[in-house]
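Reading through the structure tokens given below for one structure.
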Amino acid sequence: GMDYEGEGFYAGVWTSTCGDNGSGTETDLYVGTEINGFDVGFIKYEYAGSGDFAEYYVGYSLQGFDLFYAQDVDNSDSDFYSISYGLPSVVAGVDASVTYGDTGAADYVQLDLSVGDVTLTLVDTDSEGTLTALSYSLPL
């Protein structure tokens, strides 16, 4: 992915293969801003060979918790929410967070472990079982 932070706004693009589920490549395009401590924005999800969709979102951080809500632009019955918490550091240099999320169709629990620019993500979902990902953030 690649992000840009400007005067009062941010924008970015993120892309990934979608594993073995047959939907090919996912590309996310997003733009947002901060209004009175709330992160608000728009994101479009594009899938090669299948349906695209877009969401408006809002997020807020409070006492170590990150709250997030998104609403599908075209389907008001389709929404998503999550709550995350940054865990206290047990090992120096290792950051961890746990997230619970609900897509309406399924819910999940996610654990992220980060050391510097490398993050290991473990996700347990209702629909797909346990998933893992390893990512690296490259500062430009």
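Asp66 fulfils the conditions (1) at positive phi; (2) surrounded by 15 or more Cβ atoms within 10 Å (Cβ to Cβ) except for a single criterion, (1). Quickly run through segment 110-135 and pick out the residues that are of a type in the set (S, T, N, Q) and in a strand (DSSP E or B). Listed by number, the residues that qualify are Gln110, Ser114, Thr119, Thr121, Thr125, Thr130, Thr132, Ser135. Selection over segment 108-132 of residues that are farther than 20 Å from Ile83 by Cα, among the small types (Gly, Ala, Ser) and surrounded by 11 or more Cβ atoms within 10 Å (Cβ to Cβ) gives a count of 0. Flag not set for Val58, criterion: surrounded by fewer than 14 Cβ atoms within 10 Å (Cβ to Cβ) and among the β-branched types (Val, Ile, Thr). The set of residues from segment 101-132 being at pLDDT below 90 and within 13 Å of the chain's Cα centre (by Cα) comprises just one member, Thr103.
State yes or no: is Gly37 at positive phi, open to solvent by less than 70 Å² (accessible area, probe 1.4 Å) and either at pLDDT below 90 or over 14 Å from the mean Cα position of the chain (by Cα) (or both)? For Gly37, the condition - at positive phi, open to solvent by less than 70 Å² (accessible area, probe 1.4 Å) and either at pLDDT below 90 or over 14 Å from the mean Cα position of the chain (by Cα) (or both) - is met.
The values are calculated or read from the model by the stated rules, or taken from the named source; none is laboratory data. A quick note: this is a predicted structure, and the numbers were derived from the prediction, not measured. Using ideal geometry, Cβ is built from the backbone for each residue, glycine included, and neighbour counts are taken over all protein chains shown. Areas reflect the complete protein model, heavy atoms only, side chains present, ligands, DNA and RNA absent. Shrake-Rupley method; radii C 1.70, N 1.55, O 1.52, S 1.80 Å.
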